[in-house]
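The values are calculated or read from the model by the stated rules, or taken from the named source; none is laboratory data. Every value quoted in this text rests on a predicted model; they were computed, and no experiment measured them. Note that each Cβ is placed from the backbone with ideal geometry, even for glycine, and that neighbours are counted across all protein chains shown. Surface accessibility is based on the protein's heavy atoms, side chains included, excluding ligands, DNA and RNA. Shrake-Rupley method; radii C 1.70, N 1.55, O 1.52, S 1.80 Å.
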Amino acid sequence: QVQLVESGGGLVQAGGSLRLSCAASGRTFSIYVMGWYRQAPGKQRELVAVITGVGATTNYESSVKRRFTISRDNANKKMYLQMNSLKPEDTAVYYCAASEGYAALISGVVGFWGQGTQVTVPS
């Protein structure tokens, strides 16, 4: 069992930055592929970024490439999402996700979810 807790959301003006954190507890953190999903009002949940167990591979949804950076600190069981140049369309609830397989996580077959943190970028 893994528990995930997000923090760092908030309201930020367009062009600003936020850093989301995900703290994990439970089993060995490094075995999990981790990711950030987001869900905007009236829209389906979408994968924003993913990072493999030792951080060797990262991938991003096209609209956030070169603006968002995903990283992890396995020693402290944490994952981060640095979000720069934020846009109103980035407004959503952001969820931390963990799975034991890369294909599972990117297809939405997520083993563990956090409770979500709201990011709001007013237009």
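Below is a table of values for the structure above.
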| read-out | value |
| --- | --- |
| For the chain, the spread of Cα positions along each principal axis, largest first, Å | 40, 26, 25 |
| Spatially near lysine pairs across the chain, Cα under 22 Å, sequence gap of 8 or more or different chains | 4 |
| Longest exposed-site-free window of the chain, the sites being trypsin sites (Lys or Arg not before Pro) in a DSSP loop that have at most 12 other C-beta atoms within 10 Å | 67-123 |
| Rounded accessible area per residue of the chain, 1.4 Å, Å² | 49 |
| The range 9-50: translational diffusion in µm²/s, Stokes-Einstein, Kirkwood Rh over Cα pairs, 25 °C, 0.890 mPa s | 189 |
| The range 14-86, accessible surface, carbon-and-sulfur percent (1.4 angstrom probe) | 45 |
| Spread of Cα-to-Cα distances over 5 Å intervals beginning at zero, given as percent, for the range 63-109 | 5, 15, 21, 25, 22, 10, 2 |
| Residue 82 versus residue 5: modelled label distance in nm, points set 7 Å from Cα along the beta carbon direction | 2.5 |
| Of 59, 76, 84, the one that fluctuates the most in a GNM where the chain has Cα springs shorter than 10 Å | 76 |
| Most fluctuating residue given options 26, 42, 53, as computed from a GNM of the chain linking Cα atoms under 10 Å | 42 |
